[in-house]
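Beneath this line is the structure, given in structure tokens, with notes to follow.
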Amino acid sequence: MICSDINPYAVDLVKENFNVNKSNLKGSIDVRLGDLFSVLKKNEKFDVIIFNPPYLPIDKKDIIEKHDWIDIATNGGIDGLKFIIRFIIEVNRYLRKKGRAYFVFSSLSNRTKLNDYLKKSELKSQIVTSRKYDCETIDVYSLFN
Ligand SMILES: C[S@@+](CC[C@H](N)C(=O)[O-])C[C@H]1O[C@@H](n2cnc3c(N)ncnc32)[C@H](O)[C@@H]1O
């Protein structure tokens, strides 16, 4: 399994968690630091790709160049789609023929724009599970050939 994040602290924590729990786990992990798919070689393909992106939309007035790690973990841009759109556009290159990709989406984000990108994508899509909270619904979308 390959895991990745742009945050070096997150990468270290994944390694630490794996080491603490490895007696209960099968296989090994390869943890990589970097921006989305840039951590992968072109010939690396997967049956399952899971992305829990920074998915929260932010107000225009909140756009300041602060960029601490919490902001980087949560800030999905004005429409909440900054990383999800990149994922939809790039993921197919790394998916095996019968593979599935999954990403998290908040109902606070722009679903109309998301649907436009999903329609344009070469992949099919469906919502596979949803959970309602007080102020938002979280959906998990699946992308597949
Ligand atoms: C909502 S958190 C998810 C954290 C964790 N992976 C999980 O599922 O609980 C989003 C994560 O995306 C990472 N991230 C933000 N921008 C990124 C980028 N350009 N490339 C890779 N990871 C990024 C953040 O550092 C943060 O750890």
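Every number in this text was worked out from the coordinates using simple rules, so none of it is lab data. Fair warning: this is a prediction, and the values are worked out from it, not measured in the lab. No Cβ is skipped: glycine too gets one built from the backbone with ideal geometry, and neighbour counts run over all protein chains shown.
Table for the structure above
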| item | result |
| --- | --- |
| Hull-based mean projected area of the chain, where the convex hull spans the alpha carbons, in square nanometres | 10.0 |
| Simple label model, 7 Å out from Cα along Cβ direction - Val20 to Val104, nm | 1.9 |
| In nm, spacing of pseudo-spin labels at Ile29 and Tyr117 (7 Å Cα→C-beta vector) | 2.5 |
| Estimated 222 nm signal from helices in the chain, with DSSP H stretches of n ≥ 4 weighted -39500 (n - 2.57), rounded to 500 | -8000 deg cm²/dmol |
| Given 13 as the ceiling on other Cβ atoms within 10 Å, longest exposed-site-free region of the chain for GluC sites (Glu not before Pro) in DSSP loops | 66-121 |
| Among beta bridges that DSSP assigns inside segment 45-144, antiparallel share in %, nearest 5 | 70 |
| Partner aspartates and glutamates for Lys124 [C-alpha distance under 18 Å; skip if fewer than 8 residues away on the same chain] | Asp47, Glu90, Asp116, Asp139 |
| Cross-link table Lys45/Lys82; Lys15/Lys119; Lys42/Lys120; Lys26/Lys97; Lys98/Lys120; Lys41/Lys98, entries beyond 28 Å C-alpha to C-alpha | Lys15/Lys119 |
| Computed label-point distance, nm, for sites Ile2 and Ile127 using a 7 Å Cα→Cβ extension | 3.1 |
